[in-house]
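See structure below.
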Amino acid sequence: MKPSVLRLSLLVLVPLLLSLFFLALMPKETAMSTYEVFGVKIEKNPPQSKLTELGVSTWNKWEGGPTKIPWSFKEEETMYLLEGKVRVTVEGSVGSFEIGGGDLVVFPKGMNITWEVIEAVKKHYSLKE
């Protein structure tokens, strides 16, 4: 093998192998399991201990099929989606985001959104004045 080909091979293979090595060492759960979008707090797949601590199983329940409606939060609402998928567009913001089964979500009081159910939703929710 020519030295120039060998150098080129090493320049390509070494970074690739290092990337694979670091990916293998990364934890399965990323630091992005909790984040905020347009003022909405979202936690992906919170541990059962947190859901139990919050009393999620005692909260009110709501379910609905595909629909698109405007919604205004008169109170802060915390919800835990058991299943389904919703596209949320926040009034005054550009773009939208999706929430779905396994998400713990907090919408602030006074927020106006468009709630578009893409896949039938089942959720528990709690209101806080």
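Close amide-amide hydrogen proximity is noted between Met111 and Phe73, each under 5 Å apart and 5 or more residues distant or on a separate chain (H modeled in the peptide plane; Pro and chain starts excluded). Once both labels are positioned 7 Å from their Cα atoms along Cα-to-Cβ, the gap between Gln48 and Leu82 label points is 1.6 nm. For region 31-129, just say rounded, prolate or oblate: build the C-alpha gyration tensor, square-root its eigenvalues into a ≥ b ≥ c, call rounded for a/c under 1.5, and beyond that prolate if a/b exceeds b/c, oblate if not. Verdict is rounded for region 31-129.
Summing charges over neighbours of Thr34, with a neighbour being any other residue whose Cβ is under 9 Å away from its Cβ, gives 0 when K and R count +1 and D and E count -1. Alpha-carbon geometry of region 73-129: the Rg and the Dmax are 11.0, 29 Å, given in that order.
Would you list Met111, Met79 from the most to the least accessible area, probe 1.4 Å? Working shown, then result.
Numbers: Met111 25, Met79 0 Å².
Highest to lowest solvent-accessible surface, that is Met111, Met79.
Rounded to the nearest 10 square angstrom, Trp62 shows an accessible area of 90 square angstrom against a 1.4 Å probe.
The values are calculated or read from the model by the stated rules, or taken from the named source; none is laboratory data. Note that the structure is predicted; figures quoted are calculated from it, not measured. For neighbour counting, all protein chains shown are included, and Cβ atoms are generated from backbone atoms with ideal geometry for every residue, glycine included. Areas reflect the complete protein model, heavy atoms only, side chains present, ligands, DNA and RNA absent. Shrake-Rupley method; radii C 1.70, N 1.55, O 1.52, S 1.80 Å.
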